[in-house]
Amino acid sequence: MNRNQQKAQAQQRRARRTRSKIFGTAARPRLSVHRSLKHISAQLINDEAGITLGSATDTTFKGTKTEKGLALGKAIAAVAKEKGIAEVIFDRGAFLYHGRVKAVADGAREAGLKF
């Protein structure tokens, strides 16, 4: 097994460990964050029905990566408000809660989401 496969398996293991404790419902969906080297995206997921209620990505925002994360948090909170969602469960996936991932959470909180 090469190094990239090992890294991918380790990331899947970390995400699985995080998601074993988190379950989104219609009343309180899961706010899942995915971070790549260039971009960051977020989804509101109802795990009971297995559907995505809304999503947002940072491709339309300007600024540093952290500023884009903050704007993304505000944008996903606006999507949640449109759907009538006030509370979510934050799912950081396999990523540490700092930097851009934390900025998304802070932006969502500033915009009025509770978690």
Qualifying residue in segment 55-73 (condition: exposed (fewer than 11 other Cβ atoms within 10 Å of the Cβ), of a type outside the set (Val, Ile, Thr) and more than 16 Å from the chain's Cα centre (by Cα)): yes
Those residues of segment 71-115 which are within 20 Å of Leu37 (Cα to Cα) and assigned to a strand (DSSP E or B), in sequence order: Asp91
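Restrict the check to segment 13-32 and report whether at least one residue is closer than 18 Å to Glu110 by Cβ and surrounded by 13 or more Cβ atoms within 10 Å (Cβ to Cβ). It would help to see each step written out before you state the result.
Step one: list which residues in segment 13-32 are closer than 18 Å to Glu110 by Cβ, which gives 31.
Add one more test, that the residue is surrounded by 13 or more Cβ atoms within 10 Å (Cβ to Cβ), and what stays is 31.
Yes; the residues of segment 13-32 include at least one that is closer than 18 Å to Glu110 by Cβ and surrounded by 13 or more Cβ atoms within 10 Å (Cβ to Cβ).
One line per residue, one yes/no per condition, for (1) among the hydroxyl-bearing types (Ser, Thr, Tyr); (2) modelled with pLDDT of 95 or more; (3) within 25 Å of Ala86 (Cα to Cα):
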{"residue": "Lys21", "(1), (2), (3)": "no, no, yes"}
{"residue": "Gly24", "(1), (2), (3)": "no, no, yes"}
{"residue": "Pro29", "(1), (2), (3)": "no, yes, yes"}
{"residue": "Ser32", "(1), (2), (3)": "yes, yes, yes"}
{"residue": "Ile40", "(1), (2), (3)": "no, yes, yes"}
{"residue": "Gly54", "(1), (2), (3)": "no, yes, yes"}
{"residue": "Asp58", "(1), (2), (3)": "no, yes, yes"}
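Can you tell me how many residues in segment 42-86 are acidic (Asp, Glu) and at positive phi? I'd like the intermediate steps shown before the answer.
Of all residues in segment 42-86, those acidic (Asp, Glu) come to 47-48, 58, 67, 82.
From what's left, at positive phi: none.
Total satisfying the criteria: 0.
The values are calculated or read from the model by the stated rules, or taken from the named source; none is laboratory data. No experiment lies behind these values; they were computed from the predicted model shown. Please note: Cβ atoms are built from the backbone with ideal geometry, for glycine as well, and neighbour counts cover all protein chains shown.
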